[in-house]
Amino acid sequence: MEKEIDEKRQGTSLVLQEKEGNTKKLFIESYGCAMNFSDSEIVASILTEQGYNTTQKLEEADLVLVNTCSIRDKAEQTVRKRLEKYNAVKRSINPGMKVGVLGCMAERLKSQFLEEEKIVDMVVGPDAYKDLPNLLKEVEEGRDAINVILSKDETYGDISPVRLQSNGINAFVSITRGCDNMCTFCVVPFTRGRERSREPQSIIEEIQDLWNRGFKEVCLLGQNVDSYLWYGGGLKKDFDKASEIQKATAVDFSQLLEMCAVQFPKMRFRFSTSNPQDMHEEVLHVIAKYHNVCNYIHLPVQSGSTRILKEMNRQHTREEYMELVDKIKRIIPGCSISQDIITGFPTETEEDHQDTLSLMEYVEYDFGYMFAYSERPGTLAARKMEDDVPEADKMRRLQEIVDLQQKLSAQRTARFLNQTVEVLIEKESKKSDAHWSGRNSENVVTVFPKENYKPGDFVLVKVTDCTTATLIGEAVGYSEMQVN
Ligand code: SAH
Ligand code: F3S
């Protein structure tokens with residue numbers, strides 16, 4: 001679900017925050033992962049208290065904030081283009097406009113940004129959003145402002161995010177920040193800092209608030225949800241130093257997920273992202289046990305070659321990953337599994353690539369998000385390894401895995417034919433105003449005639465047809481999740 005945001009909501013200006021008496025206008029847009037979209041909701045909440053309402057019109061904004069992504073070079077280029085656009089608007093229409101860069105590019109480039117991009121007035125890293133009021137004061141007084149300090153304990157657990165451009169049905173709730181895994185290709189540990197978990201009570205309170213407001217599905221978010229660990233605060237890596245009491249009362253991801261499932265039996269739960277090396281069997285049992293926890297695991301693999309996995313510092317082999325997949329299929333029959341794969345990592349041979357293809361066949365992934373390797377400055381791979389796979393080979397290999405994924409996805413949608421699936425209605429189908437669109441527990445988009453159903457309803461749908469990505473069917477009634 002998170003990656004869908006990448007493609008479909010990427011960059012859309014977010015609106016819908018109106019507080020009476022607020023006169024200043026904020027235009028905020030987000031690029032990259034779901035965590036960025038979720039962070040923008042925190043930022044909008046902080047700025048609401050500073051007199052800002054959001055606007056969708058760039059031309060009328062007093063403040064423009066862009067929440068940026070550094071994961072691949074292309075993501076950074078997209079943001080640079082947006083800055084050019086802001087610059088044009090500032091010069092021609094709105095000279096008083098101030099521009100701030102948030103998120104991973106802010107963290108990666110720091111003050112370099114202020115030098116390179118003259119349009120930028122403010123640079124704010126992902127852990128510094130609570131400092132925005134002070135930074136804004138600096139900017140209003142005509143000075144550049146920057147805070148890119150990474151934190152040991154900031155989780156924004158005490159801030160109630162405003163739901164920007166929400167359908168009122170699905171929401172993201174972040175549970176961890178940062179990542180300690182240090183995959184050699186990845187910039188995230190540098191831009192988002194060390195891993196820390198959010199207090200369970202504040203997570204439950206946020207979900208309660210969403211429930212009270214009619215939301216029906218929550219996606220628990222983290223770079224690596226499986227390593228969620230609350231022991232009273234502090235970094236995950238410092239857990240060893242915790243007291244005996246802290247250790248005895250610590251809450252891990254399977255416990256958190258179970259708490260959510262039990263406390264909110266009519267709320268549907270998803271989570272993203274899982275990391276093969278940190279996923280424990282207990283999580284699988286929680287998914288299997290609770291109807292309201294979706295049968296869907298996003299389980300990035302990156303490569304099917306043990307040698308490349310080692311070079312990437314992924315802490316598992318091809319075989320261990322396959323064993324985990326076997327376990328998932330045994331404990332949660334029919335569970336949907338999706339992947340992230342990178343082609344053309346340094347030293348990747350044709351044989352390594354074939355290993356990736358054969359692993360995909362083995363797992364029969366339902367979906368996938370596939371990328372050509374993009375060298376990121378400062379990462380271990382960039383420092384120690386030459387980006388030596390020719391661009392043409394990277395792209396051909398990428399095409400081969402994309403084609404294979406398409407074939408596998410088509411097989412997987414076909415398995416739902418003539419079955420009845422439980423769908424949460426999210427919106428009108430893009431292709432027909434006579435149909436609703438939603439997803440089943442396995443995260444497959446399902447469309448069916450509207451009849452008297454409405455968005456937010458949980459409906460049982462008999463599947464009569466399918467495409468490679470979509471199930472088509474007819475509603476046969478409400479499901480046990482429906483609240484009337
Ligand atoms: N654990 C994170 C992963 C974030 S990055 C999560 O929550 O999803 C998302 C994906 O981008 C990674 O799984 C990887 O497949 C891809 N990626 C990361 N760094 C990359 C790079 N340097 N080049 C190409 N793809 C990359
Ligand atoms: Fe990046 Fe690996 Fe963490 S892909 S976000 S370092 S799990």
| remark: Filtering segment 368-393 down to residues that are farther than 13 Å from Phe185 by Cβ and within 12 Å of ligand 1 (Cβ to nearest atom) yields Gly368, Tyr369, Met370
| message | Just to confirm my filter: which strands (runs of 3 or more DSSP E) fall fully inside segment 436-484 and include at least 1 residues that are of a type in the set (S, T, N, Q), outside the structural domain of Leu404 (by TED's automatic domain parsing) and surrounded by 19 or more Cβ atoms within 10 Å (Cβ to Cβ)? | response | 445-449
| Of the residues Asp252, Asp226, which is of a type in the set (Asp, Glu) and farther than 24 Å from Asn170 by Cβ? | Asp252
| message | So Glu320 ticks every box in (1) surrounded by 17 or more Cβ atoms within 10 Å (Cβ to Cβ); (2) over 23 Å from the mean Cα position of the chain (by Cα) but one. Which box is left unticked? | response | (1)
| Pairs, first closer than 23 Å to Gly157 by Cα and more than 6 Å from ligand 2 (Cβ to nearest atom) in segment 177-188, second of a type in the set (Asp, Glu) and part of a loop (DSSP other than H, G, I, E, B), C-beta under 8 Å, six or more apart | Arg177/Asp127; Arg177/Glu154; Arg177/Glu195; Gly178/Glu195; Asp180/Glu195
| remark: Among the residues of segment 256-279, the number that are more than 16 Å from ligand 2 (Cβ to nearest atom) and either within 20 Å of the chain's Cα centre (by Cα) or modelled with pLDDT under 95 (or both) is 7
| query | Within segment 326-382, which residues are open to solvent by 40 Å² or more (accessible area, probe 1.4 Å), touching a Ser or Thr at 6+ places or on another chain (Cβ under 9 Å) and charged (D, E, K, R)? | reply | Glu351, Asp355
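Residues of segment 111-135 being touching a residue at least 60 places away in the same chain (Cβ under 8 Å), assigned to a helix (DSSP H, G or I) and open to solvent by 10 Å² or more (accessible area, probe 1.4 Å), which ones?
Result: Lys130, Pro133.
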| segment 78-103 residues that are in the same structural domain as Arg143 (by TED's automatic domain parsing) and more than 26 Å from Pro126 (Cβ to Cβ), paired with ones that are assigned to a loop (DSSP other than H, G, I, E, B) and open to solvent by 60 Å² or more (accessible area, probe 1.4 Å) (beta carbon under 8 Å, 6 or more apart) | Gly96/Asp62
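May I ask you to list the residues in segment 90-108 that are open to solvent by 10 Å² or more (accessible area, probe 1.4 Å) and either under 29 Å from Met35 (Cα atoms) or of a type in the set (Phe, Trp, Tyr) (or both)?
Correct list: Lys90, Lys98, Cys104, Arg108.
The values are calculated or read from the model by the stated rules, or taken from the named source; none is laboratory data. It should be emphasised that the depicted structure is a prediction, and the values quoted were computed from it without experimental measurement. For neighbour counting, all protein chains shown are included, and Cβ atoms are generated from backbone atoms with ideal geometry for every residue, glycine included. Just the protein is used for accessible areas: all its heavy atoms, side chains included, with ligands, DNA and RNA removed. Shrake-Rupley method; radii C 1.70, N 1.55, O 1.52, S 1.80 Å.
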